[in-house]
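Asker: Before anything else, here's the structure in question.
The values are calculated or read from the model by the stated rules, or taken from the named source; none is laboratory data. Bear in mind that the values here come from a model prediction, so they are computed numbers and not experimental data. As a convention, Cβ positions derive from the backbone with ideal geometry for all residues, glycine included, and neighbour counts pool all protein chains shown.
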Amino acid sequence: MCCIKNDTKNFSILSVGFVFLVLNFLPFFAKSQDVKTLSLQETINLSIKNSHALKASLAKSAEAAAVLKQAEDNRLPNASVSGSYLYMANPNLAIKTKALGGGSDTSGNQKQMPHVNQAMYGIFNVTLPLYAGGKIRYGIESAKYLEQAASLDAENDKEAVILNTINAYINLYKASVTVDVVQENLLQSKHRDSVFSRLEETGLLARNDLLKAELQTSNIELSLLDAQSNLKTTNINMDLLIGYPESTVLKTDSTGFDKTFSLKTIDDYEQLALQNRKDIMALGFRRKAATTAISLAKADELPEIALTGGYIAADIPHLITITNAANIGVGLKYNLSSLWKTKAKIAQAKSREEEIMENEAQLSDAVRLSINRDFENLLLNQRKIDVYKKAVMQAEENNRITQNKYNNALVNTTDLLDANLLLLQSKINLAVAKADVLLSYSKLLETAGILSTNQ
């Protein structure tokens with residue numbers, strides 16, 4: 001008996017020590033998972049900074065700027081230097097012309113030619129285009145339009161990145177709210193189960209009613225597992241979107257979800273879209289580039305004039321040395337095949353221009369339709385909030401009355417459980433509706449092309 005008491009005492013001491021260690025190391029384990037609370041604006045800024053899609057768009061814009069610089073460089077002179085050293089294996093040279101030192105001497109013998117086995121020469125040429133039929137000017141003009149279009153594409157992608165971030169942020173908020181509401185309902189359901197269990201033990205509650213309540217608790221637990229899994233996936237998506245480690249737990253700030261918006265008319269938003277949509281503006285610059293391409297194709301039918309200059313130096317030992325052989329002049333070039341090859345290029349350029357013009361008209365119609373759809377969707381979501389607020393009040397009152405009736409044995413367990421589910425669903429609907437209003441308003445601004453300027 002003495003040994004048993006000592007063992008029990010030692011076990012108690014070990015248990016207390018274990019609990020003490022757990023309590024002391026619990027903060028350490030909690031800190032291993034980083035938790036960040038971000039506002040919507042902070043999330044947008046991080047997303048813009050770390051977006052791979054936006055970086056790719058900026059790279060395309062930089063590429064277009066380089067193409068423009070290349071087109072401008074065509075106005076500069078072209079210069080080339082070439083030289084060679086040649087070794088020859090005992091060539092046979094026989095100069096017949098007397099003016100070049102050939103022929104025979106006075107006695108009729110053939111003159112002895114110098115022994116030549118190597119040669120060196122260097123050539124330097126410079127060509128400055130004076131007139132190229134407008135090719136250089138039209139090429140620079142077209143490159144400018146395309147560079148501006150690429151820059152606008154990057155701005156348009158920025159709008160899309162912002163909207164995608166808002167959508168992801170709201171999805172994270174919805175998933176978090178769903179988990180919170182389901183957890184709260186689960187706690188209430190478990191508490192009710194414990195009360196029902198005591199009543200069932202004392203014979204005041206039927207076994208079947210207790211099983212109904214426990215079944216609902218199990219269903220809520222399954223719903224919580226689904227909600228937690230969805231929250232984890234949504235959280236990882238947001239981490240990747242803003243460049244955070246995947247283990248970072250993000251918390252949303254819902255204070256901005258309750259703000260009201262001052263709306264303009266549909267006509268105002270349509271005009272804003274036509275004036276501010278970067279994709280519409282980019283198409284306009286591409287149409288100008290296509291128009292310039294027609295003139296560029298026609299330039300092939302014109303001659304090219306260039307100022308040329310050069311310098312030649314050569315040395316063939318024992319034979320000839322050339323220095324100071326500089327030259328300057330004007331060159332003319334005309335491609336005769338352009339008379340029958342240019343027509344196809346011009347027709348192709350005109351077709352490209354017509355295609356872009358039709359794309360502009362098609363995009364304009366699509367924008368007008370999107371404005372109307374997004375505007376009506378925003379109004380619908382605003383009306384839903386009023387309905388859901390009323391539904392929450394009704395569900396709370398219904399749950400209170402049903403609970404009182406149940407306590408007085410006026411309704412059965414099924415009615416009580418149904419009232420709890422209605423209250424749970426109404427709370428989730430209201431939280432989601434508030435977030436949907438912000439998302440639909442952001443979508444309307446994005447369609448109008450003014451989302452980035454309103455952040």
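Asker: Can you name the number of the only condition in (1) in a strand (DSSP E or B); (2) of a type outside the set (A, V, I, L, M, F, W, C); (3) in contact with a Ser or Thr (Cβ under 9 Å, 6 or more places away or on another chain) that Tyr311 fails?
Answerer: Status for Tyr311: all satisfied but (3).
Asker: Which count do you get for residues in segment 194-205 that are assigned to a helix (DSSP H, G or I) and among the β-branched types (Val, Ile, Thr)?
Answerer: The first filter runs over segment 194-205 and keeps only residues assigned to a helix (DSSP H, G or I), leaving 194-201.
Now narrow it down to the ones that are among the β-branched types (Val, Ile, Thr): 195.
Going through segment 194-205 one residue at a time, the tally reaches 1.
Asker: Something else about it: For the condition surrounded by 14 or more Cβ atoms within 10 Å (Cβ to Cβ), more than 26 Å from Asp436 (Cβ to Cβ), β-branched (Val, Ile, Thr) and within 46 Å of the chain's Cα centre (by Cα), what is the one hit in Thr308, Thr342?
Answerer: Details: Thr308 fails: within 46 Å of the chain's Cα centre (by Cα).
Exactly one of Thr308, Thr342 is surrounded by 14 or more Cβ atoms within 10 Å (Cβ to Cβ), more than 26 Å from Asp436 (Cβ to Cβ), β-branched (Val, Ile, Thr) and within 46 Å of the chain's Cα centre (by Cα), namely Thr342.
Asker: Looking at segment 330-351 only, could you name the residues that are of a type in the set (Lys, Arg) and either under 25 Å from Arg287 (Cβ atoms) or in contact with a helix residue (DSSP H, G or I) (Cβ under 9 Å, 6 or more places away or on another chain) (or both)? Let's see the steps before the verdict.
Answerer: So the first thing to find is which residues in segment 330-351 are of a type in the set (Lys, Arg), and the list is 333, 341, 343, 345, 350.
Hits for segment 330-351 are Lys341, Lys343, Lys345, Lys350.
Asker: So which residues in segment 115-167 are closer than 30 Å to Ala66 by Cα and of a type in the set (Val, Ile, Thr), if there are any at all?
Answerer: Val126, Thr127, Ile136, Ile140, Val161, Ile162
Asker: Given the criterion farther than 23 Å from Phe257 by Cα, in contact with a Gly (Cβ under 9 Å, 6 or more places away or on another chain) and of a type outside the set (Ser, Thr, Tyr), identify the matching residue among Asn156, Asn185, Asn219, Asn208. Before the answer, list the steps.
Answerer: Details: Asn185 fails: in contact with a Gly (Cβ under 9 Å, 6 or more places away or on another chain); Asn219 fails: in contact with a Gly (Cβ under 9 Å, 6 or more places away or on another chain); Asn208 fails: in contact with a Gly (Cβ under 9 Å, 6 or more places away or on another chain).
Being farther than 23 Å from Phe257 by Cα, in contact with a Gly (Cβ under 9 Å, 6 or more places away or on another chain) and of a type outside the set (Ser, Thr, Tyr) holds for just one of Asn156, Asn185, Asn219, Asn208, which is Asn156.
Asker: Report yes if Val81 is more than 35 Å from the chain's Cα centre (by Cα) and modelled with pLDDT of 90 or more, otherwise no. Full working, then the answer.
Answerer: Numbers: more than 35 Å from the chain's Cα centre (by Cα): yes; modelled with pLDDT of 90 or more: yes.
Answer is yes for this residue.
Asker: For segment 327-383, give me each residue that is farther than 24 Å from Ile266 by Cα and either β-branched (Val, Ile, Thr) or touching a strand residue (DSSP E or B) at 6+ places or on another chain (Cβ under 7 Å) (or both).
Answerer: Asn327, Ile328, Gly329, Val330, Gly331, Leu332, Lys333, Thr342, Ile346, Ile356
Asker: Here is a further query. With the requirement that a residue be more than 44 Å from the chain's Cα centre (by Cα), of a type in the set (Val, Ile, Thr) and under 28 Å from Ala433 (Cβ atoms), what does segment 386-413 give you?
Answerer: Within segment 386-413, Ile401, Thr402 qualify.
Asker: Within the bounds of segment 206-215, is there any residue that is assigned to a helix (DSSP H, G or I), of a type in the set (Gly, Ala, Ser) and out of contact with any Phe, Trp or Tyr (no Cβ under 9 Å at 6 or more places or on another chain)?
Answerer: Filtering segment 206-215 down to residues assigned to a helix (DSSP H, G or I) leaves 207-215.
Of the ones still in play, those that are also of a type in the set (Gly, Ala, Ser) are 213.
Then keep just the ones that are out of contact with any Phe, Trp or Tyr (no Cβ under 9 Å at 6 or more places or on another chain); that gives none.
Taking every residue of segment 206-215 in turn, none turns out to be assigned to a helix (DSSP H, G or I), of a type in the set (Gly, Ala, Ser) and out of contact with any Phe, Trp or Tyr (no Cβ under 9 Å at 6 or more places or on another chain).
Asker: Where residues in segment 315-366 are among the basic types (Lys, Arg) and within 18 Å of Ala293 (Cα to Cα), which of them is modelled with the lowest pLDDT? Talk me through it step by step, then tell me what you get.
Answerer: Keep residues of segment 315-366 that are among the basic types (Lys, Arg), which gives 333, 341, 343, 345, 350, 352.
With the extra rule that they be within 18 Å of Ala293 (Cα to Cα), the set shrinks to 341, 343, 345, 350, 352.
Numbers: Lys341: 84, Lys343: 90, Lys345: 89, Lys350: 93, Arg352: 93.
Ranking the qualifying residues of segment 315-366, first place goes to Lys341.
Asker: Which of the residues spanning segment 209-232 are free of Cβ contacts under 8 Å to residues at least 12 places away in the same chain and either over 18 Å from Gln425 (Cα atoms) or not charged (D, E, K, R) (or both)? Full working, then the answer.
Answerer: So in segment 209-232, the residues free of Cβ contacts under 8 Å to residues at least 12 places away in the same chain come out as 211, 215, 218-219, 222, 225-226, 229, 232.
Those that are free of Cβ contacts under 8 Å to residues at least 12 places away in the same chain and either over 18 Å from Gln425 (Cα atoms) or not charged (D, E, K, R) (or both): Leu211, Leu215, Ser218, Asn219, Leu222, Leu225, Ser229, Lys232.
Condition check ((1) modelled with pLDDT of 85 or more; (2) β-branched (Val, Ile, Thr)) across all residues:
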site: Arg137; (1), (2): yes, no
site: Tyr145; (1), (2): yes, no
site: Ala149; (1), (2): yes, no
site: Lys174; (1), (2): yes, no
site: Lys190; (1), (2): yes, no
site: Val195; (1), (2): no, yes
site: Leu199; (1), (2): no, no
site: Thr202; (1), (2): yes, yes
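Asker: In segment 399-455, what residues are surrounded by fewer than 22 Cβ atoms within 10 Å (Cβ to Cβ) and not in a helix (DSSP H, G or I)?
Answerer: Asn408, Ala409, Leu410, Val411, Asn412, Ile450, Gln455
Asker: Which condition from (1) of a type outside the set (Ser, Thr, Tyr); (2) without any contact (Cβ under 8 Å) to a residue 12 or more places away in the chain; (3) farther than 28 Å from Leu163 by Cα; (4) exposed (fewer than 15 other Cβ atoms within 10 Å of the Cβ) is the one that Glu358 breaks?
Answerer: Glu358 satisfies all of (1) of a type outside the set (Ser, Thr, Tyr); (2) without any contact (Cβ under 8 Å) to a residue 12 or more places away in the chain; (3) farther than 28 Å from Leu163 by Cα; (4) exposed (fewer than 15 other Cβ atoms within 10 Å of the Cβ) except (3).
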